[in-house]
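Just below is one structure, and these are the notes that go with it.
The values are calculated or read from the model by the stated rules, or taken from the named source; none is laboratory data. Model, not experiment: these values are computed from the prediction. Here the Cβ positions follow ideal geometry from the backbone for every residue, glycine too, while neighbour counts run over all protein chains shown. What goes into the accessible areas is simple: the full protein's heavy atoms, side chains included, and nothing from ligands, DNA or RNA. Shrake-Rupley method; radii C 1.70, N 1.55, O 1.52, S 1.80 Å.
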Amino acid sequence: MVRKIKAKLVMQLRNQGLSGRAIASAQGMARNSVQTVIDAAEKLGLGWDEVAELPEAEVYSTLFPGRSVRESVFAQPDWPRVHKELARVGVTLKLLHQEYIDATSMAQATMSYDRFCRLYGEHAAVSGATSRVGHKAGRSIEVDWSGPTMKLLDPTTGELSTVYLFVSCLPFSRYAFVEATLDMRQESWLRAHTAMFAFFGGSVPRLVPDNLKTGVISHPREGEVILNDAYREMAAHYSAAVLPGRVRHPRDKSSTENTVSHVATWVIAGLRHETFTSLAQLRTRIRQQIDAYNREPFQKRTGSRWSVFTTEELPLLQALPAVPFEISTWSYKRKVNKNAHVVWARNFYSVPFSQIGALVDLRVTDTMVEVYRNDERLTSHLLLPGTTSNQYQTNEADLPEGRSYQAWDRARIEEWAARIGPATMTVTAKIFETAFIDEAGFDAALAVLRLSRRFPPVRLEAACQLALRGPVRSPRYAHLRPILDTGQDKTGNVPEPEADAGGYVRGSAYYAGGTR
């Protein structure tokens, strides 16, 4: 079966000025497929503006109505023979592709050279054979965590903390990058990638990581690799595809495995006599060590990693996006409340009211909260500061007309209290007087007003009148609920506490041995 091409992504990249060849190279697509999308859009007169708001599936069905996934129409080469012939001196994939076309073009459709090369690579990986094709410049980056770690000294307490090393390598030039982090969590993993792309000064079509959970959720023997959403988004931001190495097959990323061992010598062993008290200080020294490592001459050929990278590989790297990737965190299956808001970090963010009761996913960055259902983004909000709680971020377009869906504020609470009676208004006013900001009094005032849902509003008003006559300066729910439960509001009498002339001081009879 062939996969369905991402037509919307092709149109987006085309709108950004990329050629069909550049799109195919960046996204790992066949040039013929990319050109088919471009031709279909031009034939229908569709531009990016017309499809920007449409989901991916609708864009594809618009461009290719009635088309479904089907078996490949291309003649399949004899891959074992191709692999065997490629080992001979002077034999290249280009030559074998031409021989394949000559042998089958009259009988059946033949695949392009790009598809031929890609499928040969897949055959070599699946069959366990070592590919006869060397690494191509500017095509992939291998990434991993270093097993050996370093230490950071706290100058105040003298405690040592572990520092982990993120290692990446361009297989063609073996040009390396190392970043020190305080943990191996997803955020550190993504930030290290962002720093890596900035260090290399460009991007590549393929990222080859290990199968760690911060990047790959599942890599089954059969079926598709399931990537972490944040990692997949980061790779897409840099126009790269994530192709993790197979489980327990380190040869799939042999370049970075070798680089990890070299890092142990050049960085960890090279800095073993130095003490570092800050992460910034350690990162500076690591950059110096890695620069020396990259400039070290090759033993068996002329040049160095740095010279090969700058002269042969750097010009072939893809240009970086205008802005770096913004780190995000995903929270799944958040239920939309009846007030058409969803909760994140003790604050409330509005969602279109048609989604009430649905389960949505939240993508949270340093500045934004985006709400998704399946692959569709429903709405977005500016992220409230982490120091706030019980605050509402509401887009008016998300809510229907009517007060019942509006966020609570002091005016709305006072309006509800006024409908119950003047004594209730006084109680809520006293609650707000004792709060240092209005928001701090919302919960206490609403707790009082919601008693009108359990008891008749007339009884709540009477209970407020009785409570205001008592010694408590600002009656709350805890004072009013006992009055209502015991029916004191019906009699108008509140039991007075028993008088005790001595207060809490025990009399002389107690200390003289009287009864307790």
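May I ask for log10 I(q)/I(0) of segment 426-466 at q = 0.20, 0.28 Å⁻¹, from a Debye sum over the Cα atoms as equal point scatterers with solvent left out?
Treating every Cα as an identical point scatterer, log10 I(q)/I(0) equals -0.60, -0.92.
Tell me the net charge near Arg476. Cut-off is 11 Å between Cβ atoms, Arg476 excluded, with +1 for each Lys or Arg and -1 for each Asp or Glu.
Values: positive: Lys430, Arg473, Arg481; negative: Asp443.
The answer is +2.
Using mean Cβ contacts within 10 Å as the protection proxy, how do 50-62, 15-27, 176-188 order, highest first?
On the way: 50-62: 14.8, 15-27: 16.8, 176-188: 18.9.
Top to bottom by mean Cβ count within 10 Å: 176-188, 15-27, 50-62.
For Asp210, which sequence-distant residues (separation of 5 or more, or a different chain) have an amide H within less than 5 Å of its own amide H, given hydrogens modelled in the peptide plane?
Val143
Collect residues whose amide H, placed 1.01 Å from N in the peptide plane, falls under 5 Å from the amide H of Leu378; neighbours closer than 5 in sequence don't count.
For Leu378, the qualifying residues are Val371, Tyr372, Arg373.
List the residues, sorted by chain then number, that are 5 or more residues from Thr365 or on another chain and whose placed amide H is less than 5 Å from its amide H.
Thr329, Glu370
Any of Lys8/Lys333; Lys6/Lys333; Lys6/Lys84 with alpha carbons more than 28 Å apart? Name them for me.
Lys6/Lys84
By average Cβ neighbour count within 10 Å, what is the ranking of 273-281, 478-486, 189-197 from highest down?
189-197, 478-486, 273-281
List the trypsin sites (Lys or Arg not before Pro) within segment 291-334 that DSSP assigns to loop and that have no more than 16 neighbouring Cβ atoms inside 10 Å. Mind showing how you got there, number by number?
Working: sites: Arg295, Lys300, Arg301, Arg305, Lys333, Arg334; in loops: Lys300, Arg301.
Hits after loop and neighbour filter: Lys300, Arg301.
Could you order Glu370, Glu376, Glu122 so the one with the most accessible surface comes first? Probe is 1.4 Å.
Numbers: Glu370 20, Glu376 115, Glu122 90 Å².
If we order Glu370, Glu376, Glu122 from most to least accessible, we get Glu376, Glu122, Glu370.
With θ set to phi - 60° and the Karplus curve 6.51 cos²θ - 1.76 cosθ + 1.60, what are the ³J(HN,Hα) couplings of segment 279-284 in order, to the nearest whole Hz, using x for Gly and Pro?
Couplings: 5, 4, 4, 5, 4, 4 Hz.
Using only Cα atoms, locate the centre of segment 2-48 and the centre of segment 351-402, then give the distance between them in Å, rounded to an integer.
The distance from the Cα centre of segment 2-48 to that of segment 351-402 comes to 32 Å.
Could you pull out the trypsin sites (Lys or Arg not before Pro) across segment 378-465 that fall in loop regions by DSSP (anything but H, G, I, E, B) with no more than 13 other Cβ atoms inside 10 Å? Write down the numbers at each step before the final one.
On the way: sites: Arg403, Arg410, Arg412, Arg419, Lys430, Arg450, Arg453, Arg454, Arg459; in loops: Arg450.
Counting only loop positions with at most 13 other Cβ atoms within 10 Å, the trypsin sites (Lys or Arg not before Pro) in segment 378-465 are Arg450.
Karplus couplings for segment 110-118 from phi (6.51 cos²θ - 1.76 cosθ + 1.60, θ = phi - 60°), rounded to Hz, Gly and Pro as x?
Computed from phi, the couplings for segment 110-118 are 10, 7, 6, 5, 4, 5, 4, 5, 5 Hz.
What Kirkwood hydrodynamic radius, in Å, does segment 149-204 give when the mean of 1/r is taken over all pairs of distinct Cα atoms and then inverted? Mind showing how you got there, number by number?
Numbers: mean 1/r = 0.0789 Å⁻¹.
With all distinct Cα pairs of segment 149-204 included, I get 12.7 Å.
Would you kindly derive the ³J(HN,Hα) couplings of segment 163-177 from the backbone phi angles with the Karplus curve 6.51 cos²θ - 1.76 cosθ + 1.60 (θ = phi - 60°), listing them in order in whole Hz, with x for Gly and Pro?
Whole-Hz 3J(HN,Hα) from phi for segment 163-177: 10, 9, 10, 8, 10, 9, 8, 8, x, 5, 9, 6, 5, 10, 9.
What size of dipole, in debye to the nearest 20, comes out for segment 1-60 about its Cα centre when the only charges are +1 on Lys and Arg C-beta atoms and -1 on Asp and Glu C-beta atoms? Can you show the working numbers first?
Numbers: 8 positive and 7 negative charges, 82 e Å.
Computed charge dipole of segment 1-60: roughly 400 debye.
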